[in-house]
Structure formats: structure tokens, C-alpha cells
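Quick notes on the structure that follows.
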Amino acid sequence: GYGGAGYGGTTFGVPNATGMRQRKGGMPTSSSSIPVQELEEEEKVHSQIQMRQQKRQTQQRLDEARQAESMLGELGQLFGKMSSLISQQGETLEKIEDDVECALVDVTAGQEELTKLYSIKKGNRPLIIKTFAILIFLIIFMRAYKK
């Protein structure tokens, strides 16, 4: 294990100014007493850590870009489907419009027929009234003649 105080602590009443752990034995080490090899090794480790972090960040950005590309592809498919649905609905609306126009023609023709029938019926009223008047007159005359 390492010395008693840990990071930035004191060992045997002497403050550790470097912020580094002290080796077993309790004597503080100064930065000038650290061998050059250890510094180079520490720099390599630090460099490797940074490289790993950069690699992870790059991989994460690549994954995000792939996900965005996939979502854009799905969005393109959705717009394609929506476009086909809209064109189908346009065709359906045209059919409905044609049917409404045909119904209008039929309703207009029916209205004209009803108008003709009404005018024929209206023209026959006086004739019908005259016919019934003659029949009533004949019935009354026949009864009076029999007596």
C-alpha cells in the first residue's frame, strides 16, 4: 500500500506539497527526485488515456451520425408513403366529384320531369271539374226523370 495520508495529506507531520501519493516508508518525495523514466511512463499513460477518450468520442459521433442517417432514411420512406397516399386521395376525390356531378344531372332531370307533370296535372283540372259536373248533372237528371 501507499503512505498513510493519501493525496495532498501529511505524513509524519510533513505536508505533501506535490499532491501525489507517498510511497511506503513515509518520507515525502520531491518532484526532482522522481526518476525521468517514471515521468515518461506517466506521460505515455496520460497520452493513451487521451487517445482512448478521443477514440470513444469519435466512435460515439460515428454512431450518432449512423443513427441520424438511419432516421433520415426512415423519414424519406415516410414521405414517400405519404406522397402515394395523397395521390390516392386525390384520385378518390376526383371520383367523388364526378359522382356528385352525375347526381346533379340526375336531380336536375328529375326536377324537370316533376315540373312537366305538375303543368300537365294543372292543365287537366278544369277538364276534370267539368267532367264531374256533367256526371253529377246526369245523375240528378236521371233520378228526376225516373220519378
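Where a number appears in this text, it was derived from the coordinates with a stated rule and is not lab data. Quick caveat, the model's predicted, so the values are computed rather than measured. Here the Cβ is made from the backbone with ideal geometry for all residues, glycine too, and neighbour counts use every protein chain on show.
Assuming 0.36 nm per residue, please report the length gained on full extension of the stretch H46 to L104 beyond their Cα-Cα distance. Present the calculation step by step, with values, prior to reporting the outcome.
Details: separation 58, 0.36 × 58 = 20.88 nm, distance 8.51 nm.
Residue separation times 0.36 nm, minus the Cα-Cα distance, leaves 12.4 nm.
Quick one: Karplus J couplings for region 117-127, per residue in order, coefficients 6.51, -1.76, 1.60, θ = phi - 60°, nearest Hz, x for Gly and Pro?
In residue order, the calculated couplings are 4, 5, 5, 5, 5, 5, x, 8, 4, x, 5 Hz.
Using label points projected 7 Å from each Cα along Cα→Cβ, tell me how many nm separate Q77 and L127, to one decimal.
For the pair Q77/L127, the computed spacing is 7.6 nm.
For region 29-95, what mean projected area does the convex hull of the alpha carbons give, in nm²?
Numbers: hull surface 25.0 nm².
Taking the Cα atoms of region 29-95, their convex hull projects to 6.3 nm² on average.
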